[in-house]
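As structure tokens, the structure follows; a few thoughts come after it.
The values are calculated or read from the model by the stated rules, or taken from the named source; none is laboratory data. None of these values were measured; they are calculated from a predicted model. Positions of Cβ are backbone-derived with ideal geometry, glycine not excepted, and every protein chain shown enters the neighbour counts. When the accessible area is computed, the model is the full protein with side chains, heavy atoms only, and any ligands, DNA or RNA have been set aside. Shrake-Rupley method; radii C 1.70, N 1.55, O 1.52, S 1.80 Å.
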Amino acid sequence: MNAFTTSPEAAEQFVSRRLSLRHARVLLALEDTGNVSQAADMLHVSQPAVSKALAELEQGLGQTLFLRRGRNMQPTPVGRRLLVLARKLEGDLQRAAGDVAAMVRGASGEVRIGATNAALATLLPQAIAAMKRECPAVTLSVRTHALSELFTELQTGTLDLVVARVVPQDEPLGLARLPLAPQPQVLTMSAHHPMARSRLSWAELGRQRWIWHLPGTRTRTLMDRFWQHMQLPAPTDLIESGDTMLTLSLMREMPLVAVLPQDVALSAAKSGQVVILAHEVDLNLGPMSVWSLPEVQDEPVDRFRQLLLATARQLPPAA
């Protein structure tokens, strides 16, 4: 039960007129640390300052925002909703700060892009090159980490776009998606592998040394299902990695088998690093797409989205 009494109208006015960036950062620090002391350390302020900001919020809204669970504090439903707003405010501020900094150094805008490995070989570099030819004063910033983190950063405003493949059941809600191009997976083998020119069955391939995706990832799950569908034991001589650059480096160093995105495989085959095998690998991954917040109106971001689509249309057709 709440110890506060505030009307819905007063709570609405508090959020629209009195909620400050200081309040937002206190909320985020409490979520990240779980207690007042560590939140104060994170914000480089005193504990009473954090407690005062939280009290102002709870009194202004007439709601308890965090409940104590042992040594930790857990947000209530109202607290969780305010945390969404706080993350959005912080993301908008970071975006504005980046834009101002870019303008001060002579740039005319910034596009912050999140991307997974499958976009890095051809699509993203070519689109970035096209953007810089057309808009040399626009800064393009690329981040590459876990897809779930990229979508979180997009939803909170830290990123402008995410370029990735996502299986249909994992598509995030509340984002605008523009499909770019099919991006099938293909089976590859190190060019110096002693069996690189042999006609191998899947059973024989399973006895080779592989680079496998990391446990817990969607692609790893799909690969496991792929082998189960063939009713064959999955390879056991494995190196696990989700990094395409490391995969290609390892394939130069030792005889390996790996499943790669088609454009990555084509580029590596052209340089003599790998050979592409004829075996079909259908993991039912979605097409390469670009996601954005539906309400964002930003000219450099919109132009880069258009260049991604134009670049995708010029890529080699899916095998």
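Only one of Arg87, Arg17, Arg25 is without any contact (Cβ under 8 Å) to a residue 12 or more places away in the chain and assigned to a helix (DSSP H, G or I); which? Exactly one residue qualifies, and that residue is Arg17.
Assessment of the stretch 78-97 against the conditions (open to solvent by less than 20 Å² (accessible area, probe 1.4 Å), within 30 Å of Leu154 (Cα to Cα), at pLDDT below 85 and within 28 Å of the chain's Cα centre (by Cα)) yields at least one matching residue.
Among the residues making up the stretch 45-77, those that are surrounded by fewer than 18 Cβ atoms within 10 Å (Cβ to Cβ) and part of a helix (DSSP H, G or I) are Gln47, Pro48, Ala49, Ser51, Lys52, Ala55, Glu56, Gln59, Pro77. Against the condition free of Cβ contacts under 8 Å to residues at least 60 places away in the same chain, in a helix (DSSP H, G or I), under 16 Å from Pro261 (Cα atoms) and charged (D, E, K, R), how does Arg220 come out, does it pass? Judged against the criteria, Arg220 is a match. Selection within the stretch 266-311: residues that are at pLDDT below 90 and small (Gly, Ala, Ser). The member of this set that is nearest to Asp92 (Cα to Cα) is Gly286.
All conditions but one from (1) assigned to a strand (DSSP E or B); (2) surrounded by 15 or more Cβ atoms within 10 Å (Cβ to Cβ) apply to Pro179; the one that does not is (2).
The residues of the stretch 269-314 that are buried (at least 17 other Cβ atoms within 10 Å of the Cβ) and among the polar types (S, T, N, Q), listed by number, are Gln273, Ser289, Ser292, Thr311.
Ala96 satisfies every condition listed in (1) assigned to a helix (DSSP H, G or I); (2) within 30 Å of Val142 (Cβ to Cβ); (3) touching a Leu at 6+ places or on another chain (Cβ under 9 Å) except (3).
Quick grid of which residues meet (1) crowded, with 19+ Cβ neighbours inside 10 Å; (2) free of Cβ contacts under 8 Å to residues at least 24 places away in the same chain; (3) of a type in the set (Ser, Thr, Tyr):
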| residue | (1), (2), (3) |
| --- | --- |
| Val142 | no, no, no |
| Arg165 | yes, no, no |
| Gly174 | no, no, no |
| Ser190 | yes, no, yes |
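Which residues, counting only those in the stretch 223-241, are free of Cβ contacts under 8 Å to residues at least 12 places away in the same chain and part of a loop (DSSP other than H, G, I, E, B)? Result: Gln231, Thr236. Output the residue which, of all residues in the stretch 242-297 that are touching a residue at least 40 places away in the same chain (Cβ under 8 Å), in a helix (DSSP H, G or I) and small (Gly, Ala, Ser), is farthest from Gly157 (Cα to Cα). Top of the filtered list is Ala269. Considering (1) over 22 Å from Met254 (Cβ atoms); (2) touching a strand residue (DSSP E or B) at 6+ places or on another chain (Cβ under 9 Å); (3) outside any strand (DSSP E or B); (4) open to solvent by less than 20 Å² (accessible area, probe 1.4 Å), the lone condition that Glu149 does not fulfil carries the number (4). On the stretch given as the stretch 237-261, residues that are out of contact with any Lys or Arg (no Cβ under 9 Å at 6 or more places or on another chain), open to solvent by less than 50 Å² (accessible area, probe 1.4 Å) and not hydrophobic (A, V, I, L, M, F, W, C) total 4.
Exactly one residue out of Trp210, Trp202 is in contact with a Pro (Cβ under 6 Å, 6 or more places away or on another chain) and of a type in the set (A, V, I, L, M, F, W, C): that is Trp210. Residues in the stretch 189-209: is at least one in contact with a helix residue (DSSP H, G or I) (Cβ under 9 Å, 6 or more places away or on another chain), at pLDDT 95 or above and among the hydroxyl-bearing types (Ser, Thr, Tyr)? Yes, that holds for at least one residue.
Tally time: how many residues in the stretch 1-14 are within 24 Å of Gly91 (Cβ to Cβ) and either at pLDDT 90 or above or open to solvent by less than 50 Å² (accessible area, probe 1.4 Å) (or both)? Counting residues in the stretch 1-14 that are within 24 Å of Gly91 (Cβ to Cβ) and either at pLDDT 90 or above or open to solvent by less than 50 Å² (accessible area, probe 1.4 Å) (or both) gives 2.
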